[in-house]
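Shown next, in structure tokens, is the structure this report addresses.
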Amino acid sequence: MLYPARGGQQGGAGMAGEGLAARAAAVELLGAVLGEGQVLAQALVDPAGVLQGLSPSDRARAQRLTLAVLRHLEPADRVLAAHLRKAPPLMVRNVLRLALVELVVDHAAAHGVVNAAVDLVRRGRRTEAFAGLVNAVLRKLAAGGGDPFAGLPPQRLPYWLRKPLVDAWGRDAVAAIEAVQAGPAPLDLTLKPGAAVVLPGAELLATGSLRLSGSVQVSTLPGYAEGAWWVQDAAAALAVPLLAPQHGERVLDLCAAPGGKTLQLAAAGAEVTALDISGPRLGRLRDNLARCGLAAKVVVADALSWQGDGLYDAILLDAPCSATGTIRRHPDLPFAKDGSELPGLIGLQARLINRALGWLRPGGRLVFATCSLLPDEGEGQLTAALVRHPGLMVERPALAGIEPGWITAPGGLRLRPDYWAERGGMDGFFMVRLRAAG
């Protein structure tokens with residue numbers, strides 16, 4: 001017997017008020033990622049998208065549920081496969097995946113989860129016939145007790161990404177990365193120098209970032225309105241200390257958006273030019289500069305064609321990359337990418353390094369960084385740059401809080417999600433400081 005929809009409604013306002021609207025949006029977002037290959041950020045900003053018209057709390061819940069399913073898709077599918085003779089339509093599979101993750105990961109009440117899942121599939125003419133299947137499978141799973149994910153490996157990286165990482169660091173390291181990526185990422189904040197702010201429950205990391213765990217509404221935290229801090233992963237926050245900007249230096253921040261590093265440079269007292277090809281993303285940077293009471297010259301331009309305005313003492317190049325180091329925060333990326341863009345990105349990174357060195361004064365400093373796990377976008381770029389530019393020197397990092405094992409033999413800084421795993425990990429990054437010939 002099917003659980004009846006509460007109040008006898010088929011997805012009406014009563015059910016939406018109890019979470020059906022958020023669940024329906026999550027199922028559609030999963031369809032956009034898994035069925036259409038969209039990155040989640042693209043689906044979220046669609047003006048005609050599924051989040052339009054939802055309350056802020058339902059929007060947040062829909063995004064959280066979507067991310068949770070993507071982090072546990074492989075174990076969820078393994079569990080569901082034992083209860084399905086053949087795969088149902090994608091929408092039905094996504095409803096089942098969502099409900100199972102709610103039961104196992106969120107420990108949600110079984111009755112409400114099953115009731116909502118049945119109601120969702122009943123809504124569509126092409127899926128209503130699967131209501132009985134959904135009800136039966138979920139009731140059986142809910143009655144089974146225990147954790148059906150126990151003993152299963154965490155969500156694995158796709159082969160195109162996993163193989164080069166295994167080749168670089170071994171299976172154990174990659175398994176540790178995958179284990180960290182199966183959990184939600186904490187929120188890291190970079191404090192404005194001199195800011196006095198108390199954030200209950202925050203952990204001060206060895207590198208200076210503040211870390212908050214759990215669900216957090218950023219704009220309501222103490223110090224937000226006053227501009228006392230900004231959101232920035234602890235790994236990303238190391239690039240500016242590596243560059244070591246000095247008060248009054250002319251510093252160029254290439255590919256600057258969304259702007260966390262620009263804020264760090266400005267807060268250090270540098271005369272900053274922040275350049276990016278995306279005007280909308282630089283709008284967010286301008287907003288954060290204003291909120292934090294900081295100043296920078298913001299330029300919308302393509303770095304490959306921009307003429308510049310003289311030489312710089314230091315340049316930060318956080319180059320476009322595969323973003324594979326951010327999967328713990330963006331678990332949709334493995335489903336929206338297949339590695340085919342890598343050759344173009346690697347070529348672009350090399351051209352940007354060459355371009356940046358042309359704007360650097362003799363003896364100046366360049367930090368090259370990518371939020372990628374792939375050695376071809378990090379260690380390999382360093383090796384190639386040293387061949388192309390014989391006078392270039394690597395300066396080994398000496399930063400508070402970093403561990404010796406994070407420093408590569410040539411002197412770069414390799415950061416991985418499994419570092420600080422017990423604290424929630426960090427984004428994957430490669431960064432290196434280079435000194436131009438004097």
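Filtering R286, R291, R250 for residues that are farther than 19 Å from A41 by Cα, in the same structural domain as D309 (by TED's automatic domain parsing) and touching a Gly at 6+ places or on another chain (Cβ under 6 Å) leaves a single hit, R291. Residues of the range 71-109 that are among the basic types (K, R), surrounded by 20 or more Cβ atoms within 10 Å (Cβ to Cβ) and in contact (Cβ under 8 Å) with a residue 40 or more places away in the chain: R71, R97.
Please work out if P390 is out of contact with any Asp or Glu (no Cβ under 9 Å at 6 or more places or on another chain) and without any contact (Cβ under 8 Å) to a residue 40 or more places away in the chain. Criteria met by P390. Against the numbered list (1) within 14 Å of A24 (Cα to Cα); (2) touching a helix residue (DSSP H, G or I) at 6+ places or on another chain (Cβ under 9 Å); (3) outside any helix (DSSP H, G or I), L65 comes up short only at (3).
If I filter the range 139-152 for residues that are in contact (Cβ under 8 Å) with a residue 40 or more places away in the chain and crowded, with 21+ Cβ neighbours inside 10 Å, do I get at least one hit? Yes, the range 139-152 contains a residue that is in contact (Cβ under 8 Å) with a residue 40 or more places away in the chain and crowded, with 21+ Cβ neighbours inside 10 Å. Within the bounds of the range 316-335, is there any residue that is modelled with pLDDT of 95 or more, surrounded by fewer than 19 Cβ atoms within 10 Å (Cβ to Cβ) and touching a Phe, Trp or Tyr at 6+ places or on another chain (Cβ under 7 Å)? No, because not a single residue in the range 316-335 is modelled with pLDDT of 95 or more, surrounded by fewer than 19 Cβ atoms within 10 Å (Cβ to Cβ) and touching a Phe, Trp or Tyr at 6+ places or on another chain (Cβ under 7 Å). It is to be established whether one or more residues within the range 43-50 are exposed (fewer than 13 other Cβ atoms within 10 Å of the Cβ) and part of a helix (DSSP H, G or I). No, the range 43-50 contains no residue that is exposed (fewer than 13 other Cβ atoms within 10 Å of the Cβ) and part of a helix (DSSP H, G or I). On inspection, D188 does not qualify as part of a loop (DSSP other than H, G, I, E, B), modelled with pLDDT of 95 or more and not polar (S, T, N, Q). If the condition is being over 14 Å from A270 (Cβ atoms), among the acidic types (D, E) and in contact (Cβ under 8 Å) with a residue 60 or more places away in the chain, then the range 214-255 contributes only D233. If you go through the range 277-303 and pick out every residue that is under 27 Å from G428 (Cα atoms) and over 26 Å from the mean Cα position of the chain (by Cα), you end up with 0. The residues listed here are L348, L342, L352; of these, the one that is in contact with a strand residue (DSSP E or B) (Cβ under 9 Å, 6 or more places away or on another chain), at pLDDT 95 or above, in the same structural domain as A385 (by TED's automatic domain parsing) and not basic (K, R) is L352. Being closer than 21 Å to R61 by Cβ, in the same structural domain as Q63 (by TED's automatic domain parsing), over 30 Å from the mean Cα position of the chain (by Cα) and of a type outside the set (S, T, Y) is a condition met by at least one residue of the range 102-111. E203 meets all of the listed conditions (1) among the acidic types (D, E); (2) touching a residue at least 40 places away in the same chain (Cβ under 8 Å); (3) buried (at least 19 other Cβ atoms within 10 Å of the Cβ) but one, namely (3). Quick check, is G124 out of contact with any Gly (no Cβ under 8 Å at 6 or more places or on another chain), small (G, A, S), in the same structural domain as R93 (by TED's automatic domain parsing) and touching a residue at least 40 places away in the same chain (Cβ under 8 Å)? No, not satisfied. Filter the range 304-326 down to the residues that are in a loop (DSSP other than H, G, I, E, B), over 25 Å from the mean Cα position of the chain (by Cα) and of a type in the set (A, V, I, L, M, F, W, C) and list them by number. Of everything in the range 304-326, those that are in a loop (DSSP other than H, G, I, E, B), over 25 Å from the mean Cα position of the chain (by Cα) and of a type in the set (A, V, I, L, M, F, W, C) turn out to be L304, W306, L311.
The values are calculated or read from the model by the stated rules, or taken from the named source; none is laboratory data. Predicted model only: the values in this text are computed from it and were never measured. Methodologically, a virtual Cβ is constructed for each residue, glycine included, from the backbone with ideal geometry; neighbour enumeration extends over all protein chains shown.
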